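Below you'll find the structure, written out as structure tokens, and then a few comments.
The values are calculated or read from the model by the stated rules, or taken from the named source; none is laboratory data. Just so we're clear, the structure is a prediction, and the values are computed from it rather than from any experiment. So basically every Cβ, Gly included, is an ideal-geometry build from the backbone, and we count neighbours across all protein chains shown. All accessible areas refer to the heavy atoms of the entire protein, side chains included, with ligands and DNA or RNA removed. Shrake-Rupley method; radii C 1.70, N 1.55, O 1.52, S 1.80 Å.
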Amino acid sequence: MRLARRMGRLGTETAFSVLAKAKALEAQGREIIHLEIGEPDFDTPPHIVEAGCRALRDGHTHYTPTAGIPELRAAIAADVARSRRIEVYPEQVVVTPGGKPIMFFVILALVERGDEVLLPNPAFPIYESMVDFVGGRPVFVPLRQEHDFRFDLDEFRAGLSERTKLVILNSPANPTGGILTPEDMAGLAEILRERPDVFVLADEIYSRLLYTGPSASIASEPGLDPDGRTIILDGFSKTYAMTGWRLGYGVMPEPLAEPVTKLQVNSNSCTNAATQYAGLAALAGPQDSVDLMLAEFRARRDLIVSGLNDLLGVECIAPKGAFYAFPRISGTGHHAVALADLLLDEADVACLAGTAFGRYGEGHLRFSYANSQENITRALERMDEILSQSVVR
Ligand SMILES: Cc1ncc(COP(=O)(O)O)c(C=O)c1O
């Protein structure tokens, strides 16, 4: 089939292909431990599920306004205003089916052929995929274990050029679990204030899943709020264990909210109506489920980090947010893809090669610890057995 040439520039998310391979092995009778896919294993809290069901029973089975129901846009504006300590208006909020469409729409709306986009590497693969797709040029700022997977601000500054149109930040980060500290944000803001023509996409989908220190958002920095040129991407998938509902949002300058809404009219029309009412209940209701989930993630993080550090040739620093560990595995003598394949084929443990997130991910694997402590322990035992036989010296 002769597809449009642009399709050749579209990337993908390896997590979904590894999941498919792991499922195929399961269909052959193998028992795989899933540490590849990035979604909370918890159920959506019951009061949120009930609100979604009630919305359907109450007849919310129709289209909604494209940018979202007014009550939800207002609730999101209030929540973001409180958590980032800034002013936010409902008109700046666009509700989308998951956080991903915000990435897609914002890049489509802003980036022209030849424009440069500064982004972390390793990072969520869809950033690079989308920038390539629209004909932009990704410029990578490496995230290294030696630097706690934070930007080196000199490297960040050096990456900016006359052609830079957009900068993408992600904290807490996928795949590293690293964060940008309040000091990092202040430093980035200082650099970005010199470049008022550059937009900032702040992917804060893991903002509530933070283990240490105060959370920091570039949007809280003077001159970088969403009234100017910052777009906050956040949503319900990770915070409220709602990946399958598809509910996210962007908070952006009003003049950008309009074209982004237009892109949504041209694609999804609107976000699922009942899902939006469920989201409203999530924001308005008790938050203790988020705290309980975070406490469990913290226990799993401690378990997996200490277990990984006990493996031959593996070295892991403690992630500060999200639910990913990103150990260095170069001491095993294997490349990332080869080791991820070996672990799936021989140990029945599914994980991702760091290179699935960009070239600076070489020498690392990503483990999602959104799985029970029991399964994490079993996975560590299986990996220990394989690695003690196969470390290349
Ligand atoms: C960094 C990052 N941003 C955005 C998303 C997309 O979230 P959603 O499922 O709400 O579209 C993910 C999902 O894995 C992610 O890791």
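Structure above, values below:
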{"read-out": "Matching entry among Pro255, Pro286 (being away from the ligand (no atom under 16 Å from the Cβ) and under 24 Å from Ala55 (Cα atoms))", "value": "Pro286"}
{"read-out": "Every residue from the range 55-70 that is part of a loop (DSSP other than H, G, I, E, B) and of a type in the set (Gly, Ala, Ser)", "value": "Gly59, Ala67, Gly68"}
{"read-out": "Residue list for the range 319-337, restricted to those being in a loop (DSSP other than H, G, I, E, B) and either in contact (Cβ under 8 Å) with a residue 40 or more places away in the chain or not hydrophobic (A, V, I, L, M, F, W, C) (or both)", "value": "Pro319, Lys320, Ala322, Phe323, Phe326, Pro327, Gly333, His334, His335"}
{"read-out": "Subset of the range 88-106 (residues that are surrounded by 23 or more Cβ atoms within 10 Å (Cβ to Cβ), in a helix (DSSP H, G or I) and within 13 Å of the ligand (Cβ to nearest atom))", "value": "Pro101, Ile102, Met103, Phe105, Val106"}
{"read-out": "Residue that is farthest from His62 (Cα to Cα) [pool: residues in the range 273-290 that are in contact with a helix residue (DSSP H, G or I) (Cβ under 9 Å, 6 or more places away or on another chain) and open to solvent by 30 Å² or more (accessible area, probe 1.4 Å)]", "value": "Ser289"}
{"read-out": "Residue count for the range 121-138, restricted to those that are open to solvent by 10 Å² or more (accessible area, probe 1.4 Å) and under 19 Å from Leu188 (Cα atoms)", "value": "1"}
{"read-out": "Positions within the range 12-53 being part of a loop (DSSP other than H, G, I, E, B), within 16 Å of the ligand (Cβ to nearest atom) and within 28 Å of Met383 (Cβ to Cβ), in sequence order", "value": "Thr12, Glu13, Leu35, Glu36, Ile37, Gly38, Glu39, Pro40, Asp41, Phe42"}
{"read-out": "Residue count, the range 338-357 (criterion: of a type outside the set (Asp, Glu) and assigned to a loop (DSSP other than H, G, I, E, B))", "value": "1"}
{"read-out": "Among the candidates Arg85, Arg150, residue that is in contact (Cβ under 8 Å) with a residue 24 or more places away in the chain, in contact with a Ser or Thr (Cβ under 9 Å, 6 or more places away or on another chain), under 18 Å from Pro253 (Cα atoms) and open to solvent by 20 Å² or more (accessible area, probe 1.4 Å)", "value": "Arg85"}
{"read-out": "Of the criteria (1) over 22 Å from the mean Cα position of the chain (by Cα); (2) part of a helix (DSSP H, G or I); (3) without any contact (Cβ under 8 Å) to a residue 40 or more places away in the chain, which one Ala189 fails", "value": "(1)"}
{"read-out": "Residue count, the range 228-250 (criterion: free of Cβ contacts under 8 Å to residues at least 60 places away in the same chain and within 8 Å of the ligand (Cβ to nearest atom))", "value": "1"}
{"read-out": "Matching residues, the range 342-352, being open to solvent by 10 Å² or more (accessible area, probe 1.4 Å) and touching an Asp or Glu at 6+ places or on another chain (Cβ under 8 Å)", "value": "Asp348"}
